[in-house]
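To keep things clear, I will list the structure first and then write my remarks on it.
The values are calculated or read from the model by the stated rules, or taken from the named source; none is laboratory data. Source: prediction; values computed, not measured. Cβ coordinates were reconstructed from backbone atoms using ideal geometry, including for glycine residues, and neighbour counts include every protein chain displayed.
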């Protein structure tokens, strides 16, 4: 290797050696209540500097194995047996989370953000607030963009074709998903079918990026479905599963020979993976034959893979993984310093060329790399190529791992980051923003023209005023609540994924969301009221106007809360709209306008409804300062013509106080609904 590449090797990321021995995973069938084995008696290893590809037909257990290795399995009633080690030590789930990341199959990205903003937001939420400067985080983001070949589209929106927002391609979105996890500088990457749903060129681009990450020293493990021959050239190690059993595990270069020795020779000029899949899906006996053959040759195949892994680590300048300076328990070379084996010498030149090319593509303007600017989570110091399992956690005097003390990012900083993101989402969603404003403006004009210029005639002016206020409440209950249902459908998946990753908590999300949403709602209410109030001719008083504004704003906030609650407790937007419509119609029915006397069995609805107190407050505010002229010319004070059905028995101030209390109660209910939905896995 050249002097430059040797220097870069000194700054490489030290991956982790993951080994699993006799691992089985069973779950309880929810219908029959019987135990079902998903994966059975599996052995294998994933090594630093190498890419392990896991394949198999549907139901083979490949995603389950990936979840087990990544500590991402949380099924109720599941049982895991066997032994999993990381760098020779028993795996501890919490500590392992600090050095690994998991990229799920489905891309869940904010469509209104740019590529750079998405990765930068991830960096702000995942990297330590103290001990790592903002400039270092930005530098790491830029390094990640270059590492994943995203620099050219860094300022392009993610986009969403379903809403007509143009953005980046599918392959670029998949690399952005990798970049979100890569900013925390993990030693191990797990990916669930990273090429799924992409065309051959995009899939190859994603896999090539994963190879570059592996050549930087990381351990990369992925499941994959139907790779073409170009993609299979990216494989270092290969694991083939079927029916929860291992049919082959070892070097990719040895898979064809293994099948041939088992009686299944791959035809010339045929993609080996296509042939393997056709054999095990069309010939049931082949699964038993291959599983039996592998059981006999397993130790030798894994030893060969481990020896090749030692050679890879030596070539990449990585340190030994075990505390005694050894490598894998499967290795035939035993402990001692890392060195190349005769079996691996044929691939050393290829590794050198690939690793050097990765270095060339990684260098930044300042001469550093992503690994060079990444800082240790606890100490804040730069991390080099060395390190063991405790790379991201403290080690006490006895050598035991300790979890980091306290959160890496304070709550107030998380709120600030998320608030900025929510603000950008609203500003960059012109369709949603315009549709909201158009709705409020249209209904304000419609109501204003329908009741244009009230008169003071008794029986006409009083009824129009009451009807206008009631209709305004109808507008401000349906519009914000339906908007909440539709926006929740777009936010739900991203919220769930980020909560699962513990980037922030529900309280943080709530504070950030409503720090932006409440001013928008109040602005929309102000727009509606400014047009409607003066069009229809309510009493021209600043005090009255601001009382209307306060009550309508609180009413709107409660309505939005009802929409959120209905959306959270239902599975689909359609179900949420049905439930919400039912609730709002019931509350509207007993506000005192549609019935002269509320049936005794519905009085409780009227007493609880925020419509009742909001309606009464605004009627009292308006009618207290006006009078009407009867048919015989007599003057009748406004308060005397108010129907008894709208009288709550409270003063105007008391009605407003009740509505304010209901706002506080709704916010608590909304927050509790979010917590409950996440705890019960309704998100």
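Scanning the stretch 257-284 for residues that are surrounded by 15 or more Cβ atoms within 10 Å (Cβ to Cβ), in a helix (DSSP H, G or I) and touching a helix residue (DSSP H, G or I) at 6+ places or on another chain (Cβ under 8 Å) returns 258, 259, 272, 273, 275, 276, 279, 280. Among the residues of the stretch 438-450, the one identified as surrounded by 15 or more Cβ atoms within 10 Å (Cβ to Cβ) and farther than 14 Å from residue 535 by Cβ is 439. Among the residues making up the stretch 68-81, those that are surrounded by fewer than 20 Cβ atoms within 10 Å (Cβ to Cβ) and closer than 24 Å to residue 193 by Cβ are 71, 72, 73, 74, 75, 78, 80. Listed conditions (1) on the phi < 0 side of the Ramachandran plot; (2) under 21 Å from the mean Cα position of the chain (by Cα) are all met by residue 71, apart from (1).
Which residue is farthest from residue 632 (Cα to Cα), if the candidates are limited to the stretch 427-485 and must be under 41 Å from the mean Cα position of the chain (by Cα) and in a loop (DSSP other than H, G, I, E, B)?
First, pick out the residues of the stretch 427-485 that are under 41 Å from the mean Cα position of the chain (by Cα): 427-446, 470-485.
Checking the rest, the ones that are also in a loop (DSSP other than H, G, I, E, B) come to 428-429.
Details: 428: 59, 429: 57 Å.
Of everything passing the filter in the stretch 427-485, 428 is farthest from residue 632 (Cα to Cα).
So that you can scan it fast, the table gives a plain yes or no per residue for (1) touching a residue at least 24 places away in the same chain (Cβ under 8 Å); (2) within 30 Å of residue 541 (Cα to Cα); (3) not assigned by TED's automatic domain parsing to the domain that holds residue 464:
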{"position": "571", "(1), (2), (3)": "yes, no, no"}
{"position": "584", "(1), (2), (3)": "yes, no, no"}
{"position": "595", "(1), (2), (3)": "yes, no, no"}
{"position": "626", "(1), (2), (3)": "yes, yes, no"}
{"position": "633", "(1), (2), (3)": "no, yes, no"}
{"position": "640", "(1), (2), (3)": "no, yes, no"}
{"position": "647", "(1), (2), (3)": "yes, yes, no"}
{"position": "650", "(1), (2), (3)": "yes, yes, no"}
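Taking the criterion of being surrounded by fewer than 20 Cβ atoms within 10 Å (Cβ to Cβ) and closer than 22 Å to residue 492 by Cα, the residues of the stretch 82-106 that qualify are 104, 105, 106. Every listed requirement among (1) without any contact (Cβ under 8 Å) to a residue 40 or more places away in the chain; (2) crowded, with 20+ Cβ neighbours inside 10 Å; (3) under 18 Å from the mean Cα position of the chain (by Cα) is met by residue 533 save one, (3).
Kindly indicate whether any position in the stretch 201-221 is free of Cβ contacts under 8 Å to residues at least 12 places away in the same chain and surrounded by fewer than 24 Cβ atoms within 10 Å (Cβ to Cβ). Checked the stretch 201-221: no residue is free of Cβ contacts under 8 Å to residues at least 12 places away in the same chain and surrounded by fewer than 24 Cβ atoms within 10 Å (Cβ to Cβ).
Evaluated against (1) within 17 Å of the chain's Cα centre (by Cα); (2) at pLDDT 90 or above, residue 203 falls short on exactly one condition, (1).
Of all the residues in the stretch 267-285, those that are over 40 Å from the mean Cα position of the chain (by Cα) and at pLDDT 95 or above number 0. Taken as a whole, the stretch 302-319 holds at least one residue that is surrounded by 22 or more Cβ atoms within 10 Å (Cβ to Cβ), in the same structural domain as residue 89 (by TED's automatic domain parsing), at pLDDT below 95 and not in a helix (DSSP H, G or I).
When the stretch 603-631 is limited to residues that are surrounded by fewer than 19 Cβ atoms within 10 Å (Cβ to Cβ) and touching a strand residue (DSSP E or B) at 6+ places or on another chain (Cβ under 8 Å), the one that is nearest to residue 545 (Cα to Cα) turns out to be 627. Inside the stretch 254-280, residues that are under 19 Å from residue 53 (Cα atoms) and touching a residue at least 24 places away in the same chain (Cβ under 8 Å) make up a count of 10.
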